[in-house]
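**Q** Take a look at the following structure, please.
The values are calculated or read from the model by the stated rules, or taken from the named source; none is laboratory data. Just so it is clear, the structure is predicted and the values come from calculations on it, not from any experiment. We place every Cβ from the backbone using ideal geometry, glycine too, and count neighbours over all the protein chains shown.
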Amino acid sequence: MRSQIVKAAVVLGLLSVIGPFAIDMYLPTLPSIAGSLSASTAQVQASLMSFMAAIAVCQLVYGPVSDMIGRKPPLYFGMVLFVAGAIGCALSPSIEWLIVFRFIQGVGACASMALPRAIVRDGYRGAEAAQLMSLLMLVFSISPILAPLTGSLVIQFGDWRTVFWVMSGAGVLGLLFTIVALKETRPAEARLESSVRGAFKSYGILLRDKTFLGLSFIGAFGMSSFMAYIGNSSFILIDHYGLTPTQYSFAFSINAISFFGVSQSTGFWVKRFGLNKVVRTAVSGFAAAMVALLVVFLLGVDRLDVLGSLMFIAFGFLGLVLPTTGVLAMEEHGEIAGTASAMLGTLQLVTGAVVMGVVGAYFNGTAMPMVVGFAVCAVLALILTQVTIKSSQPAEVPAE
């Protein structure tokens with residue numbers, strides 16, 4: 001069983017990483033894109049937000065469609081669109097066209113980001129699902145480590161456009177991988193009850209499920225802090241703290257190491273203490289680190305080592321928050337796993353896009369707006385955890 005879980009994690013992780021790679025790989029190029037296309041910081045950030053917005057909105061379509069026709073056909077469509085969007089970005093003559101093609105690219109990337117959660121739910125429950133999600137996070141977390149480094153390396157041999165040509169090649173490989181290595185997990189008999197009308201009904205069920213919504217938004221505010229970091233980190237670390245693009249890539253990668261390192265212990269902690277207790281503890285640690293970071297900056301300490309150290313701790317706890325809240329949210333919705341996965345992803349990414357936009361609007365060249373955004377997200381996640389997961393609830397230890 002362990003070997004099957006690892007194999008599934010590798011297959012799904014490699015597909016899942018295509019979208020995040022398309023985000024993280026071009027982060028070191030944001031300042032050069034601004035100069036090349038005579039664009040403002042806000043306009044360049046809009047190209048990132050358009051990609052995020054496409055992923056957020058289109059999950060609402062991919063999820064129900066995958067329930068109706070299976071998981072693999074939407075993945076084929078998404079990979080083809082991703083490649084087309086990447087080529088368009090590489091050829092963009094202006095920032096406006098780049099924003100448009102990034103949206104198209106995001107529509108394609110959405111399939112490979114949204115459907116793996118449904119595929120996990122198709123075949124696994126409880127501790128096994130949490131273990132698979134944590135392994136998937138391990139592969140997923142390779143992106144923040146390798147993608148910025150890859151992007152900074154690519155621009156040593158070309159320019160920011162070369163980065164998008166590399167992305168198009170990765171999309172082709174993803175398509176081939178889907179065809180050859182991925183099995184269909186939504187059998188024909190399971191699709192009989194799925195329809196457009198059923199999709200609307202399913203979304204209604206999810207929107208009335210307070211536990212599902214609470215868990216989704218706990219993960220959403222956790223993810224939002226990382227998205228605020230993605231959207232602002234290159235300008236803060238390169239322009240404010242004076243790092244080179246290569247140094248920035250290494251600095252960016254450190255937090256990913258914390259995230260995936262801790263996430264790999266998820267299965268152990270869940271088996272020992274149950275999903276509920278792990279979520280409560282992890283969110284508390286995440287909030288404590290982010291609030292401490294805000295207090296330090298309010299006291300006038302604006303140092304990269306302090307920022308990096310407390311983010312390292314906070315994102316480590318976040319490595320436990322995201323897989324466990326995802327598993328708990330979908331635990332009771334196996335029959336509509338695709339739709340539930342879509343709603344979960346959409347709520348999280350829309351929240352993240354809003355937070356990224358707000359933090360970006362208050363950007364003043366320093367790290368303070370980002371740090372405030374971190375703390376607000378963490379406190380909201382903590383409040384939702386206290387409301388959604390009562391301390392009186394038993395520690396849920398799924399059977400192996």
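**Q** What is the residue count in segment 26-45 for residues that are within 22 Å of VAL166 (Cβ to Cβ) and part of a helix (DSSP H, G or I)?
**A** Going through segment 26-45 one residue at a time, the tally reaches 12.
**Q** Something else now. Pick from VAL279, VAL296: which is surrounded by 22 or more Cβ atoms within 10 Å (Cβ to Cβ) and of a type in the set (Val, Ile, Thr)?
**A** Only one candidate qualifies: VAL279.
**Q** Which residue out of ALA361, ALA367, ALA378, ALA353 is over 13 Å from PHE297 (Cβ atoms), modelled with pLDDT of 90 or more and not polar (S, T, N, Q)?
**A** Result: ALA378 is the single residue among ALA361, ALA367, ALA378, ALA353 that is over 13 Å from PHE297 (Cβ atoms), modelled with pLDDT of 90 or more and not polar (S, T, N, Q).
**Q** Any idea which of GLY78, GLY106 is free of Cβ contacts under 8 Å to residues at least 40 places away in the same chain, assigned to a helix (DSSP H, G or I) and under 21 Å from the mean Cα position of the chain (by Cα)?
**A** Only one candidate passes the filter, namely GLY78.
**Q** Can you name every residue in segment 209-241 that is among the charged types (D, E, K, R) and assigned to a helix (DSSP H, G or I)?
**A** Within segment 209-241, LYS210, ASP239 qualify.
**Q** While we're looking at this one, here's another question. What's the total number of residues in segment 347-382 that are in a helix (DSSP H, G or I) and hydroxyl-bearing (Ser, Thr, Tyr)?
**A** 1
**Q** Another question, then. Condition (residue is within 21 Å of ALA375 (Cβ to Cβ) and touching a Gly at 6+ places or on another chain (Cβ under 8 Å)) applied to segment 260-272: is it met by at least one residue?
**A** yes
**Q** Which ones in segment 35-52 are of a type in the set (A, V, I, L, M) and either crowded, with 20+ Cβ neighbours inside 10 Å or under 17 Å from ARG117 (Cβ atoms) (or both)?
**A** ALA39, VAL44, ALA46, LEU48, MET49, MET52
Listed here are the residues, each with its yes/no results for (1) under 24 Å from the mean Cα position of the chain (by Cα); (2) of a type outside the set (Gly, Ala, Ser); (3) loosely packed, with under 12 Cβ neighbours inside 10 Å; (4) modelled with pLDDT under 80.
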{"residue": "GLY171", "(1), (2), (3), (4)": "yes, no, no, no"}
{"residue": "ARG186", "(1), (2), (3), (4)": "yes, yes, no, yes"}
{"residue": "LEU192", "(1), (2), (3), (4)": "no, yes, yes, yes"}
{"residue": "VAL196", "(1), (2), (3), (4)": "no, yes, yes, yes"}
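**Q** Which of the following residues is closer than 26 Å to LEU48 by Cβ, touching a Phe, Trp or Tyr at 6+ places or on another chain (Cβ under 6 Å) and surrounded by fewer than 18 Cβ atoms within 10 Å (Cβ to Cβ): LEU304, LEU380, LEU318?
**A** LEU304
**Q** Pick from ALA53, ALA42, ALA34: which is modelled with pLDDT under 85, more than 18 Å from the chain's Cα centre (by Cα) and farther than 26 Å from VAL180 by Cβ?
**A** After applying the criteria, what remains is ALA42.
**Q** Being charged (D, E, K, R) and under 26 Å from ALA34 (Cα atoms) is the filter here; which residues of segment 239-293 pass it?
**A** ASP239
**Q** Applying the selection to segment 72-102, what residues are buried (at least 24 other Cβ atoms within 10 Å of the Cβ), over 15 Å from VAL61 (Cα atoms) and either out of contact with any helix residue (DSSP H, G or I) (no Cβ under 8 Å at 6 or more places or on another chain) or not basic (Lys, Arg) (or both)?
**A** MET79, PHE82, GLY85, ALA86, CYS89, LEU98
**Q** On to the next question. Taking helices (runs of 4 or more DSSP H) that fall entirely within segment 242-340, which contain at least 3 residues that are under 20 Å from the mean Cα position of the chain (by Cα)?
**A** Those helices (runs of 4 or more DSSP H) span 245-263, 275-298, 304-330.
**Q** Kindly indicate whether any position in segment 202-216 is acidic (Asp, Glu) and either modelled with pLDDT under 80 or surrounded by 22 or more Cβ atoms within 10 Å (Cβ to Cβ) (or both).
**A** For segment 202-216, residues acidic (Asp, Glu) and either modelled with pLDDT under 80 or surrounded by 22 or more Cβ atoms within 10 Å (Cβ to Cβ) (or both): absent.
**Q** So, one more: Going through LEU293, LEU275, LEU349, LEU307 one at a time, which residue ends up being of a type in the set (A, V, I, L, M) and under 17 Å from MET113 (Cβ atoms)?
**A** Only one candidate passes the filter, namely LEU349.
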